[in-house]
Amino acid sequence: MNKPAKIRLTDRNWASLKYGLADVFLKSAFSNSVLNHKVEDYETIYHYTDFGGLIAILESQSFYCTNINFLNDTKEFNHGVEILESIIDFFQTNKSTERIFEFLKKNVSNIYSLDRYVTCFSKNGDLLSQWRSYGNQGKGIAIGFDPLEIEESIHEHTCGMNILYDKEIQTDIIKEYIKITLQYFEDSKEIFDWTNYDYDFLVADTILDFLEGVIAGFKDPSFIEEKEFRIEYKFDGNINKTDKKTILFRNSDNLIIPYITINSRYKKRQSDAKKNPEILKHTDTDIRLPLKEIILGPSLDYEMNKLGIEMLLKKNGYKNIEIKPSTIPYRI
């Protein structure tokens, strides 16, 4: 019996192959013991900021998202890349994958992305290191949000991400992604005619493409007390296109930092209504950012600031938001 003719590879069915791999990863996230990493339960995520930040978030119903390469934690993105490099050096290869790993090693620097922007939160709303770094030296506030509703409240296409700090688990996850990708393409290799396409390079490039998003959620174990959660916006050329979002810049400690703003559905609806008031009659997307509570920093006068914050919340449509003082027993 003659073998069936191979399918000529085109850009379109190559894209379909990659989408198929994404589906495999999605299913593996539920069934694979390595990728299905358990996260401890939490009910609130906290954004540490100063009073100016609180006012801006409430009145604009938006967040600043900072370019991932300009976060306060130095060499943050390097951590995952360094783990990947060590895995490439020691990964057991054979003749069929040797060239793939050569491409990986040569092109691993391509994984650094200038297109990822993040807003950071902590699952701990009263942490001394966070007050010092982001809460105006204890004279700021920690805004508590509902983690299940916050993505739903944002108009733009974003992704919520729990940060992982265990290096052993990080290493196992990267290895598993590589193994799954290699097997997926090996199973598909004989189906297609790869003329004019470099199989090894494309597989290596796909591994780097997927791992870029994975290692963006890795941090060094020394930061574990932060218990970070973040919201990420990525220019992907598809849903989120560069020409549809303005990149802004601010100065911080003599450093120019690129950032964007992401807006609540409430803000988008109000903005659209200015152009067409009929929108208010025909849509009910009135979703503000989902505040739950506000914690005042340990270096603040509680009673006076509580009164001002209550008035600010009321003006911006919030009711029954708990305001409480830090439990840290001394001023920073």
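Structure data summary
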{"quantity": "From phi via Karplus (6.51, -1.76, 1.60), per-residue ³J(HN,Hα) for the range 123-134 in Hz, x at Gly/Pro", "calculated": "7, 10, x, 8, 10, 4, 5, 6, 4, 5, 7, 10"}
{"quantity": "Cα convex hull of the chain, projected area averaged across orientations, nm²", "calculated": "22.1"}
{"quantity": "Normalised alpha carbon radius of gyration of the range 92-201 [divisor 2.2 N^0.38 Å]", "calculated": "1.62"}
{"quantity": "Efficiency of FRET from Cβ geometry, Y330 and I247, R₀ 56 Å, rounded to 0.05", "calculated": "0.85"}
{"quantity": "Antiparallel %, DSSP beta bridges [both residues in the range 174-332], to 5", "calculated": "55"}
{"quantity": "For the range 187-219 versus the range 166-181, the gap between their alpha-carbon centres in whole angstrom", "calculated": "15"}
{"quantity": "Given charges at beta-carbon only (K, R positive; D, E negative), |dipole| of the chain in Debye", "calculated": "940"}
{"quantity": "³J(HN,Hα), Karplus 6.51/-1.76/1.60, whole Hz, each residue of the range 324-329, x for Gly, Pro", "calculated": "9, x, 4, 9, 5, x"}
{"quantity": "Of L208, S129, L58, farthest towards positive along the dipole that unit charges on Lys, Arg, Asp, Glu beta carbons give the chain", "calculated": "L58"}
{"quantity": "Sequence-distant aspartates and glutamates (8 or more away, or on other chains) whose Cα lies within less than 18 Å of K167", "calculated": "E40, D73, E76, E82, E85, D89, E176, E212, D220, E225, E226, E228"}
{"quantity": "Surrounding net charge for L26, when Lys and Arg each add one and Asp and Glu each subtract one, Cβ distance under 15 Å", "calculated": "0"}
{"quantity": "Vicinal HN-Hα couplings computed from phi for the range 207-219 (Karplus, 6.51 cos²θ - 1.76 cosθ + 1.60; Hz; Gly/Pro x)", "calculated": "4, 5, 4, 6, 5, 4, x, 5, 6, 5, x, 9, 9"}
{"quantity": "Counting DSSP beta bridges with both ends in the chain, the antiparallel % (nearest 5)", "calculated": "85"}
{"quantity": "Environment charge at T261 (Cβ cut-off 12 Å; Lys +1, Arg +1, Asp -1, Glu -1)", "calculated": "+3"}
{"quantity": "Proximal lysines relative to K314, as straight alpha-carbon distance under 16 Å, when same-chain residues fewer than 8 apart are discounted", "calculated": "K292, K306"}
{"quantity": "Using alpha carbons only: equivalent-ellipsoid semi-axes of the range 202-332, gyration tensor based, whole Å", "calculated": "33, 29, 15"}
{"quantity": "Helical mean residue ellipticity (222 nm; -39500 (n - 2.57) per DSSP H run of 4+; nearest 500) of the chain", "calculated": "-13500 deg cm²/dmol"}
{"quantity": "Semi-axes of the equivalent ellipsoid for the range 51-156, Cα gyration tensor, largest first, Å", "calculated": "39, 16, 13"}
{"quantity": "Positive dipole terminus of the range 7-322, leading residue within Y46, L313, L291 (C-beta point charges)", "calculated": "L313"}
{"quantity": "For I323, residues with placed amide H under 5 Å, excluding near neighbours", "calculated": "I294"}
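Throughout, read-outs are computed from the coordinates displayed, never taken from laboratory work. Bear in mind that the values here come from a model prediction, so they are computed numbers and not experimental data. As a convention, Cβ positions derive from the backbone with ideal geometry for all residues, glycine included, and neighbour counts pool all protein chains shown.
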